[in-house]
Every structure is written in C-alpha cells, then in structure tokens.
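Asker: My questions will all concern the structure given below.
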Amino acid sequence: MPRILAGLIFLGTVANATVPTVEVAAGVYMPMIAFGSYRGSLTNCSVQEGIQQWLQLGGRHIDTAHDYGTEPDVGAAIKASGVERKEIFLTTKIPGPIGRGAVKDMVMNETLQKLGVDYIDLVLIHFPCVNMSDFPNKCGEQHQQERLDTWRGLSELRAMGKVRAIGVSNYNAEQVAEVVAEFKEAPAVNQVQWHLAYHNETLRLAMRKLGTTIEAWASLAGPTSAGVPAISLGDARLKALAQRYNRSSAQVELRWETQNGIVPVTASCSKDHAVGDLESFSFALSDEDIKYLDALAPASEEFIV
C-alpha cells in the first residue's frame, strides 16, 4: 500500500507550503501534487514559463508526456530554473504499448535527450491501446501482449538506472491485473481522469489493495473529455464549503483528492493559483466533508465541452 510520509517537505519560497510525499516504489518518494505540461491547460503563458514559475515557487513535481510534445519545454525550464535535478520529481509518459525494443529506444535515444536529464523518476505507459481511436472500448485482450512487452522494456530501463519507477495511465483494473499476473509486481502509479464529478471508487479500492497510487489528470475538471460530467469551481455548494474553511474551491477539491490518497496534476499560468495549489495541504477537511464531497453530483446537466 502506498505510504504517505508523516514528515513534510518544505518547498521553496511559498509561505506555509508543505507538500507530503507518497512512496510509490522502494525508496522513490513522489510529491503529492504535480504541475502538468499539456499546452491546452496553459492559455496565458508558455509551458516553459509555467514550469519555471512552479519551480521558483517551490513546486517539485512535473508531469509531461511524449504525446504532449512538451518534453523539450520541460527540459529547458528545469535547466533555466537553477533547481538541482535531484530535487525534482519528473514524470513522463510514453505512447500506448509500443513493445520492448521500441520503448527502450525511445527513452534512451529520444526522451532523455529532450528532457536534458540522465534519468527519469517515473515513466508511465500513456494508454492501454495501440491506437487512440480504440480507447477505451477496444483496449481489451487484443493489445495485452503489446502492453506486457512494453512493461518488460520499462523494467529493463529501470534495472539500467535510467528510470526509477514505472507505471501506467488510463488503465482499468483488469489491465493492471495483467501486469501483476505476468511480472508479480503492481504499477507504481495509475494516472487516470479524476475529479469531483468523475471518480471511479471501484478502481481506487482495487489500486489501494495492490499498492498502486492513483494520480489525477483533469483534477479540477478541465480540460477533459467532451461529454463527461463536471462540477465547476463556481458551484454554489463547493463555494459554500470552501468559505467555511476560508479557502478557494480549487484548494478544497485538491485537498479532497489528496486526503483520499489521490495525487492531483494541476497547471496554471497564474502565480496566485499556483501558490494556492501548493498551499492546499495547509488545512484538512473533516471526515464528514470528505464524505459529502465523495457523494457530490453535478447540480444540473453540466458537462465539459
């Protein structure tokens, strides 16, 4: 089971900002909030500017992916920030199952160079399908061998010291079980869509039993897949609860996730919002309010488009 450290890590210059870590693999501690580098999440700054600000504010977890096309931006931001590599937890995602040889070649000859680093803290298989057009309904047994071959390649990269921990993204419980059955280990992380209006509690319980940490993309309900239910940060019920804690709606939603053991990925060009995200650990929701938020449903036919 993932272990959240009782001790907190002080981060940079942000007042009152302490971010706990979760042990996702033996000796590998991941800060419990990440800054995402998907360009669609950053409308008023470049990816490099957003990440540099995050690092300057004390954030230490960065999430990127081959498919985002932003690995070079992440690498440039890390270099320009002046923050030591060992202080940063860096996650990237390789495309869907591409096989043992292809994943090793990609990481060794492309990913590390783009990021400008000697090792990556966490590498995830981005999707369980070979083709995105098959996701999610056709990601079944026909791609199982490719998924396992890709995991084998990641395991070898880990043994070489190029990767510290390996995991998956957008996998269901059955696809995670394939890894466990074949390799007698569970993924360190499963990154999935997770927010107030869209959270799979059955998956959460299954991952908890295996010791796999869930990481949340679209942690504040956007950007995300079209047609998925949403609870906006302006929802009157969420705002009323946030006012009782003298916090923002975003801080309450992030804290709901982290108190449930979920690691949110967030992103903002706003310094105030970034500071607020980092300071979301400076209070705790009551058990009653956690249960209230667990059960919260969209107030109307509200969807993200």
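Asker: Can you list the helices (runs of 4 or more DSSP H) lying wholly within the stretch 60-177 that have 1 or more residues being more than 30 Å from Lys209 (Cα to Cα) and modelled with pLDDT of 95 or more?
Answerer: On the way: elements: 71-81, 100-106, 112-115, 144-159.
Those helices (runs of 4 or more DSSP H) span 71-81, 100-106, 112-115.
Asker: Turning to a different aspect of this structure: With the checklist (1) in contact with a strand residue (DSSP E or B) (Cβ under 6 Å, 6 or more places away or on another chain); (2) crowded, with 20+ Cβ neighbours inside 10 Å in hand, flag the one item Val228 doesn't pass.
Answerer: Condition (2) is where Val228 drops out.
Asker: Output the residues belonging to the stretch 235-252 that are part of a helix (DSSP H, G or I), over 13 Å from Ser280 (Cβ atoms) and not hydrophobic (A, V, I, L, M, F, W, C). Steps first, answer last, please.
Answerer: Keep residues of the stretch 235-252 that are part of a helix (DSSP H, G or I), which gives 236-245, 249-252.
Restricting the remaining residues to those that are over 13 Å from Ser280 (Cβ atoms) gives 236-241, 243-244.
Those that are part of a helix (DSSP H, G or I), over 13 Å from Ser280 (Cβ atoms) and not hydrophobic (A, V, I, L, M, F, W, C): Arg237, Lys239, Gln243, Arg244.
Asker: Next up: With respect to Arg255, is the statement that it is in a helix (DSSP H, G or I) and surrounded by fewer than 14 Cβ atoms within 10 Å (Cβ to Cβ) true? Working first, answer last.
Answerer: Working: in a helix (DSSP H, G or I): yes; surrounded by fewer than 14 Cβ atoms within 10 Å (Cβ to Cβ): no.
Here the answer is no, as Arg255 does not meet what is asked.
Asker: Since Thr64 meets every condition but one in (1) at positive phi; (2) crowded, with 21+ Cβ neighbours inside 10 Å, which condition does it not meet?
Answerer: (1)
Asker: Here is a follow-up. Any residue at all in the stretch 179-188 that is modelled with pLDDT of 95 or more, among the acidic types (Asp, Glu) and within 24 Å of Ile94 (Cα to Cα)?
Answerer: Yes - at least one qualifying residue is present in the stretch 179-188.
Asker: Let me confirm something: among Gly167, Gly161, which residue is surrounded by fewer than 17 Cβ atoms within 10 Å (Cβ to Cβ) and in contact (Cβ under 8 Å) with a residue 40 or more places away in the chain? First the steps, then the outcome.
Answerer: Values: Gly167 fails: surrounded by fewer than 17 Cβ atoms within 10 Å (Cβ to Cβ).
Residue meeting the stated conditions: Gly161.
Asker: Return a yes/no flag: does the stretch 119-126 have any residue that is farther than 26 Å from Thr70 by Cα and without any contact (Cβ under 8 Å) to a residue 60 or more places away in the chain. Give the steps one after another, and end with the answer.
Answerer: Of all residues in the stretch 119-126, those farther than 26 Å from Thr70 by Cα come to none.
No: zero hits.
Asker: Go through (1) part of a loop (DSSP other than H, G, I, E, B); (2) crowded, with 16+ Cβ neighbours inside 10 Å for Asn44 and report which single condition fails.
Answerer: Answer for Asn44: the failing condition is (2).
The values are calculated or read from the model by the stated rules, or taken from the named source; none is laboratory data. Since the model is a prediction, treat every value here as computed from it, not as a measurement. Ideal geometry is used to build each Cβ from the backbone, glycine not excepted, and the neighbour counts take in all protein chains shown.
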